[in-house]
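Written out below as structure tokens is the structure these notes cover.
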Amino acid sequence: MRAFIALLAGTIFGAGLALSGMVDPARVRGFLDLFGTWDATLAFVMAGALLPMAIAWRLQPRLPRAASGDHFALPSTRRIDVPLAVGALLFGVGWGIAGLCPGPAIANLALAPLAVLPFLAAMFAGMLLHRLWAAQR
């Protein structure tokens, strides 16, 4: 059941990314180009995500567990520290350069697998480096 829920959620997420055009790196870079030909599409996608997330945050405390049967994995802290800030900076720089983040990159495996492979290789290398760095701490 857990695998089915993950597959269903991933399929809906990927379809939403494809439908909204967020798998197109040029569209994302257009959103980040504030002083050029700005493309507001991503702003509308983000705004459209606010209502469902607001509802989810209100419902979650009333639910005994997640749909998969697991407990909810919520952050234990709201503190902004150096690792969080550095991670956000690296994410933003990578997003701006490539026009992709992990969700759209994985969705692009179905649409343009060869074009997205360098990004995915870099993403997995970064995950490995983080794991090695965290193990050293």
*Would you say ILE12 is of a type outside the set (Ser, Thr, Tyr), touching a Ser or Thr at 6+ places or on another chain (Cβ under 7 Å) and over 23 Å from HIS130 (Cβ atoms)?*
no
*Residues of the range 57-95 satisfying the condition of being among the aliphatic types (A, V, I, L, M), surrounded by 11 or more Cβ atoms within 10 Å (Cβ to Cβ) and without any contact (Cβ under 8 Å) to a residue 40 or more places away in the chain*: ALA66, LEU84, ALA88, LEU90
*Which one of the conditions (1) touching a Leu at 6+ places or on another chain (Cβ under 7 Å); (2) under 28 Å from HIS130 (Cα atoms); (3) among the aromatic types (Phe, Trp, Tyr) does PHE31 fail to meet, given that it meets all the rest?*
(2)
*Residues of the range 1-31 satisfying the condition of being part of a helix (DSSP H, G or I), buried (at least 16 other Cβ atoms within 10 Å of the Cβ) and touching a residue at least 60 places away in the same chain (Cβ under 8 Å)*: GLY14, LEU17, ALA18, PRO25, ARG27, VAL28, ARG29
*Of all the residues that make up the range 16-41, how many are among the acidic types (Asp, Glu), out of contact with any Lys or Arg (no Cβ under 7 Å at 6 or more places or on another chain) and over 10 Å from GLY99 (Cβ atoms)?*
1
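Would you confirm whether or not the range 96-106 contains a residue that is surrounded by 10 or more Cβ atoms within 10 Å (Cβ to Cβ), within 17 Å of the chain's Cα centre (by Cα) and more than 29 Å from LEU8 (Cβ to Cβ)?
Taking the range 96-106 as the starting set, the residues that turn out to be surrounded by 10 or more Cβ atoms within 10 Å (Cβ to Cβ) are 96-106.
Subsequent filtering for residues that are within 17 Å of the chain's Cα centre (by Cα) retains 96-106.
The next check asks that each one be more than 29 Å from LEU8 (Cβ to Cβ); those that pass are 96-97.
Yes, because at least one residue in the range 96-106 is surrounded by 10 or more Cβ atoms within 10 Å (Cβ to Cβ), within 17 Å of the chain's Cα centre (by Cα) and more than 29 Å from LEU8 (Cβ to Cβ).
Here are ALA66, ALA73, ALA135: which of them is at pLDDT 90 or above and either touching a Leu at 6+ places or on another chain (Cβ under 9 Å) or within 27 Å of ALA6 (Cβ to Cβ) (or both)? I'd like the intermediate steps shown before the answer.
Values: ALA66 fails: at pLDDT 90 or above; ALA73 fails: at pLDDT 90 or above.
Sole residue among the options that is at pLDDT 90 or above and either touching a Leu at 6+ places or on another chain (Cβ under 9 Å) or within 27 Å of ALA6 (Cβ to Cβ) (or both): ALA135.
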*Take the range 34-52 and flag every residue that is of a type in the set (A, V, I, L, M), surrounded by 10 or more Cβ atoms within 10 Å (Cβ to Cβ) and assigned to a helix (DSSP H, G or I).*
LEU42, ALA43, VAL45, MET46, ALA47, ALA49
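The values are calculated or read from the model by the stated rules, or taken from the named source; none is laboratory data. Given the structure is predicted, the values throughout are model-derived calculations rather than measurements. Ideal geometry is used to build each Cβ from the backbone, glycine not excepted, and the neighbour counts take in all protein chains shown.
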